[in-house]
Amino acid sequence: MGIRTIGELAAQPLARLAAQFGPAHGRWLHEAAHGIDERELVTEWEPKSSSHEVTFQRDLGDWQPLADTLVRLAKRLAGELRAGNYCGTSVTVKLRYADFETHTHEKALEEPTSDADAIRRAALECLARFPLHKKVRLIGVRVGGLRRSAA
């Protein structure tokens, strides 16, 4: 349609947008371009997950520095979860190889936790599932299924 700005979108007749994008999406585009949105404004939200990752200065091909980094990340993440009064139900480890191929492995936890040892153990279990067939550029850990801690 040649539209490149919100102003250009706002200048379009509703009928033209509806014909191009369908009645529902056309109306939504027209209203959004005019600042019309009847949804309730949400100013507070609860996070669903929290994570940390590290990109290495040089690609690594040995498990020990990867495991050491993962342990540090898990400990830092656990501290932040405790400080925010959160616990999580899963741990995911992400590896990005030197060729930018990226994979994850996840482990469900038996119970929600922010315990550094539990997160570390789960993260190391995930790490053990990765083949070390090429060098690693990035490692990360995420705790998902966050909820407020009971205590």
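Here are the numbers for this structure:
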{"item": "Test set (1) surrounded by fewer than 20 Cβ atoms within 10 Å (Cβ to Cβ); (2) more than 19 Å from ALA150 (Cα to Cα); (3) touching a Lys or Arg at 6+ places or on another chain (Cβ under 6 Å); (4) not basic (Lys, Arg) - ALA74 fails condition number", "result": "(1)"}
{"item": "Residue in segment 93-112 that is part of a loop (DSSP other than H, G, I, E, B) and touching a residue at least 60 places away in the same chain (Cβ under 8 Å) present", "result": "no"}
{"item": "When residues of segment 58-70 are limited to those that are out of contact with any strand residue (DSSP E or B) (no Cβ under 6 Å at 6 or more places or on another chain) and closer than 16 Å to ALA98 by Cβ, the one surrounded by the fewest Cβ atoms within 10 Å (Cβ to Cβ)", "result": "ARG58"}
{"item": "Residue under evaluation THR55, criteria (1) surrounded by 15 or more Cβ atoms within 10 Å (Cβ to Cβ); (2) among the polar types (S, T, N, Q); (3) in the same structural domain as LYS134 (by TED's automatic domain parsing); (4) outside any helix (DSSP H, G or I), criterion not met", "result": "(1)"}
{"item": "Long-range neighbours under 8 Å by Cβ, at least six apart or interchain, first residue closer than 19 Å to ARG121 by Cβ within segment 49-76, second polar (S, T, N, Q) and part of a strand (DSSP E or B)", "result": "SER51/THR92"}
{"item": "Some residue of segment 4-11 being among the hydroxyl-bearing types (Ser, Thr, Tyr) and outside the structural domain of GLU110 (by TED's automatic domain parsing)", "result": "yes"}
{"item": "Qualifying position, being surrounded by 15 or more Cβ atoms within 10 Å (Cβ to Cβ), closer than 21 Å to PHE56 by Cα, within 18 Å of the chain's Cα centre (by Cα) and in the same structural domain as PHE56 (by TED's automatic domain parsing), among GLY140, GLY144", "result": "GLY140"}
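This table checks each residue for (1) among the small types (Gly, Ala, Ser); (2) closer than 30 Å to GLY140 by Cα.
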| residue | (1), (2) |
| --- | --- |
| LEU9 | no, no |
| HIS30 | no, no |
| ILE36 | no, no |
| TRP45 | no, yes |
| ALA67 | yes, yes |
| LEU70 | no, yes |
| THR104 | no, yes |
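Results for (1) under 26 Å from ARG148 (Cα atoms); (2) among the charged types (D, E, K, R); (3) touching a helix residue (DSSP H, G or I) at 6+ places or on another chain (Cβ under 9 Å), shown as yes or no for each residue.
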{"position": "GLU38", "(1), (2), (3)": "no, yes, yes"}
{"position": "SER50", "(1), (2), (3)": "yes, no, yes"}
{"position": "PHE56", "(1), (2), (3)": "no, no, yes"}
{"position": "TRP63", "(1), (2), (3)": "no, no, yes"}
{"position": "GLY84", "(1), (2), (3)": "yes, no, no"}
{"position": "SER90", "(1), (2), (3)": "yes, no, yes"}
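The values are calculated or read from the model by the stated rules, or taken from the named source; none is laboratory data. What you are looking at is a predicted structure, and each value in this text was computed from that prediction instead of being measured. Backbone-built Cβ (ideal geometry, glycine too); neighbour counts: all protein chains shown.
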